[in-house]
1. Hey, among the residues in the stretch 15-26 that are touching a Lys or Arg at 6+ places or on another chain (Cβ under 9 Å) and part of a strand (DSSP E or B), which one's surrounded by the most Cβ atoms within 10 Å (Cβ to Cβ)?
2. For the stretch 99-115, does any single residue satisfy the condition of being within 11 Å of the chain's Cα centre (by Cα) and among the basic types (Lys, Arg)?
3. Can you name the residue in the stretch 82-102 that is without any contact (Cβ under 8 Å) to a residue 60 or more places away in the chain and closer than 23 Å to Glu11 by Cβ and, of all such residues, is surrounded by the most Cβ atoms within 10 Å (Cβ to Cβ)?
4. Starting from residues that are among the acidic types (Asp, Glu) and free of Cβ contacts under 8 Å to residues at least 40 places away in the same chain, keep the ones in the stretch 27-50 and report whichever is surrounded by the fewest Cβ atoms within 10 Å (Cβ to Cβ).
5. Can you tell me how many residues within the stretch 55-80 are touching a residue at least 24 places away in the same chain (Cβ under 8 Å) and touching a Phe, Trp or Tyr at 6+ places or on another chain (Cβ under 7 Å)?
6. Where residues in the stretch 103-119 are at pLDDT 90 or above and in contact with a helix residue (DSSP H, G or I) (Cβ under 7 Å, 6 or more places away or on another chain), which of them is surrounded by the most Cβ atoms within 10 Å (Cβ to Cβ)?
Amino acid sequence: MSLFTLPQMSELIEEFGKVRCFNFFVYGNLLPEEVKILGKGLGVQVTMSEPNAKLALFSENIDEELAVALDCYRGSTLTVIFGGDTDLEEMVQAVILDGLEYYKYYAEYKGTQISESHA
């Protein structure tokens, strides 16, 4: 799934002009309730620094077929999307990786990217 087809991401780009995505790979299949709790924990931390920030979390499980097609391992992708630009990379990385460690997942931070509206 391409992140650029997600309707929520398009809405954030339309509202803020750009979004910043933080990407993680998780060596295991994340459950929807785990993603929801990670989002709530990150939201609490972010609100202390940027009270008006808007964020969304998306997860996709990578099964064997997709892993072969992408030449990667099975597991999950986790993407944190912020409307606008933010300098919270270290906090996002720490909170998400700590939360995943709490759930006993091995995970890697894969970096950040900015997507902008070209309209």
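1. Initially, the stretch 15-26 is screened for residues touching a Lys or Arg at 6+ places or on another chain (Cβ under 9 Å), giving 15-16, 22-25.
Narrowing further to those that are part of a strand (DSSP E or B): 22-25.
Numbers: Phe22: 23, Asn23: 16, Phe24: 25, Phe25: 16.
Here the answer is Phe24.
2. yes
3. Within the stretch 82-102, the subset without any contact (Cβ under 8 Å) to a residue 60 or more places away in the chain is 87-88, 90-91, 94-95, 98, 101-102.
Add one more test, that the residue is closer than 23 Å to Glu11 by Cβ, and what stays is 87-88.
On the way: Asp87: 9, Leu88: 21.
Checking each candidate, the answer is Leu88.
4. Glu33
5. 7
6. Applying the first criterion (at pLDDT 90 or above) to the stretch 103-119 yields 103-112.
Those left that are additionally in contact with a helix residue (DSSP H, G or I) (Cβ under 7 Å, 6 or more places away or on another chain): 103, 107, 109, 112.
Numbers: Tyr103: 14, Ala107: 20, Tyr109: 16, Thr112: 15.
Here the residue is Ala107.
The values are calculated or read from the model by the stated rules, or taken from the named source; none is laboratory data. Here the structure is a predicted model, which is why all the values come from computation and not from measurement. All Cβ positions, glycine included, derive from the backbone under ideal geometry; neighbour counts span all protein chains shown.
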